[in-house]
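Report on the following structure.
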Amino acid sequence: MLGLKAQDPLHSAGIGEVYLMLTMGCNLRCRACSLWGTGGACRDAAFLKAFSRPAPLGRFLTLIDELVEFKPEYLNLSGGEPLMTRRWAPLAERARDRGLRAILTTNGVLLERCVERVADLFDQVSISIACPPQLRERLGMGAAGHYQAMMRGLKSLARLRDRHPRRKPVLRLMCEVFDANGEHLVELIDDLDEQGVVFDETLFMHLIFNGPRALAAQKKVLASEFGLPFLLWKGYGYRPCAMDFEAMARVLETLRERCPRARFSADLRSAEDLRDYYRGRREAIGRAFCDGPWRQVNLFPNGDVWACPDFVLGNITEQGFADIWEGPKARALRRRIYRRLFPTCRGCFSFYEKEQPMGAG
């Protein structure tokens, strides 16, 4: 594993992604979102107040300078919806000037108004689209016209890339698979084809969630072993409704045929595999180890650094990044994961994510 160092397994030998949440705010309400979905963490006023107040922009700019020596594979500017802030441009510009590859992860609704600047600053643009327009309206994901605005922005970016070949941010489609959209994913691909929108990469992400028993066990571990509150993990408790697993297996097979270079966050092919995953029986799915605490850096808007939900390692307004990332809290987290997984690890994206360089398809 790239994140571990043989001489000191609690030391981080290489950072993959730095995921900088510029804001907790969002202009959509996707049902399964861990922040603003059903039961999402941001619906808790105390959580929102604690983590959404932004740290000074200058401190985040300095953070990018500090990250250079760690040679992260990329800096991912996200949220919430990052284009709702004004911070994304100066941060992306600093990353470019320091030689760091930058990704914008967005729902694309506001892309049209800033497409030129986005093309200049980012190496990759990841667009989150969960379902075709008619289903978005039925699920109440956002105001009317959001999908059309997203399509206009994507088409503008595509035209810009065609006119200026050197301005080619990789375009990635990120599509979460959950109970309400599972049988409509082929319709989404059909609509994107009709719109003439072509992505360089496609990632289908199976729903990340935990059942009540796993969440209760996680809450107990955080409190008893580390004295930590149970806040962000609450947002990963979305409960899928009844699903037709045989039908979903057929949909996934069709998606593999239609999008042969697409990746899936978990290799679930049969109805039995899907049933086990979505009913919480995941012991035989995925790896037995997670290297997220060694390779995955996340920051809230307030400057808190974390690698696992609710396990805050420190705040960049109080410490330098190196002191946080190799400090006692980070090592305590790695020691725990090195020995055994948390109860909720098999309901976390980092557990299933496989390392793949940006642009590899």
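The values are calculated or read from the model by the stated rules, or taken from the named source; none is laboratory data. Fair warning: this is a prediction, and the values are worked out from it, not measured in the lab. Neighbour counts run over all protein chains shown; Cβ positions are idealised from the backbone, glycine included. Calculation scope for accessible area: heavy atoms of the full protein, side chains included, ligands and nucleic acids excluded. Shrake-Rupley method; radii C 1.70, N 1.55, O 1.52, S 1.80 Å.
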Discussion item. Residues to consider are Ile127, Ile208; find the one that is touching a helix residue (DSSP H, G or I) at 6+ places or on another chain (Cβ under 8 Å), part of a strand (DSSP E or B) and crowded, with 20+ Cβ neighbours inside 10 Å.
Written reply: Ile127
Item to complete: Please work out if Ser52 is at pLDDT below 95 and at negative phi.
Response: yes
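Could you list, in sequence order, the residues of region 281-313 that are closer than 23 Å to Thr85 by Cβ, part of a strand (DSSP E or B) and among the small types (Gly, Ala, Ser)?
Answer for region 281-313, where residues must be closer than 23 Å to Thr85 by Cβ, part of a strand (DSSP E or B) and among the small types (Gly, Ala, Ser): there is none.
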Discussion item. On the basis of being modelled with pLDDT under 95 and over 22 Å from the mean Cα position of the chain (by Cα), does Arg269 make the cut?
Written reply: yes
Practice prompt. May I ask you to verify whether Ala119 is in a helix (DSSP H, G or I), modelled with pLDDT of 95 or more and open to solvent by less than 50 Å² (accessible area, probe 1.4 Å)?
Written response: no
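Restricting to region 228-261, and then to whatever is small (Gly, Ala, Ser) and open to solvent by 20 Å² or more (accessible area, probe 1.4 Å), can you tell me which residue is nearest to Asp191 (Cα to Cα)? Working first, answer last.
Here is the first cut: in region 228-261, the ones small (Gly, Ala, Ser) are 235, 237, 242, 247, 249.
After this cut, where a residue has to be open to solvent by 20 Å² or more (accessible area, probe 1.4 Å) as well, the list is 237, 242.
Values: Gly237: 30, Ala242: 26 Å.
Per the criteria, the residue is Ala242.
Filtering region 61-77 down to residues that are in contact with a helix residue (DSSP H, G or I) (Cβ under 7 Å, 6 or more places away or on another chain) and crowded, with 19+ Cβ neighbours inside 10 Å, which residue is farthest from Gly16 (Cα to Cα)? It would help to see each step written out before you state the result.
At the first step, the residues of region 61-77 found to be in contact with a helix residue (DSSP H, G or I) (Cβ under 7 Å, 6 or more places away or on another chain) are 61, 63-64, 66-67, 75, 77.
From the residues that got through so far, the ones that are crowded, with 19+ Cβ neighbours inside 10 Å too are 63-64, 67, 75, 77.
Values: Leu63: 16, Ile64: 14, Leu67: 11, Leu75: 9, Leu77: 14 Å.
By that ranking, first place goes to Leu63.
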Fill in: Failed criterion for Arg59 (all others in (1) closer than 15 Å to Gly99 by Cβ; (2) in contact (Cβ under 8 Å) with a residue 40 or more places away in the chain; (3) among the charged types (D, E, K, R) hold)
(1)
Discussion item. Restricting to region 24-60, count the residues that are under 30 Å from Cys241 (Cα atoms) and either open to solvent by less than 40 Å² (accessible area, probe 1.4 Å) or under 20 Å from the mean Cα position of the chain (by Cα) (or both).
Written reply: 22
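Please go through region 178-195 and give me each residue that is closer than 13 Å to Cys259 by Cβ and of a type in the set (A, V, I, L, M), ordered by number. Lay out the reasoning, then the answer.
First pass over region 178-195, keeping only residues closer than 13 Å to Cys259 by Cβ: 185-186, 188-190, 192-193.
Scanning region 178-195 gives Leu185, Val186, Leu188, Ile189, Leu192.
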Item to complete: Return the residue satisfying two criteria in turn: it lies in region 140-176 and is open to solvent by 30 Å² or more (accessible area, probe 1.4 Å) and in a helix (DSSP H, G or I), and of such residues it is farthest from His206 (Cα to Cα).
Response: Arg163
Discussion item. Exactly one of these conditions fails for Gly80: (1) of a type outside the set (D, E, K, R); (2) out of contact with any helix residue (DSSP H, G or I) (no Cβ under 9 Å at 6 or more places or on another chain); (3) on the phi > 0 side of the Ramachandran plot; (4) surrounded by 16 or more Cβ atoms within 10 Å (Cβ to Cβ). Give me its number.
Written reply: (2)
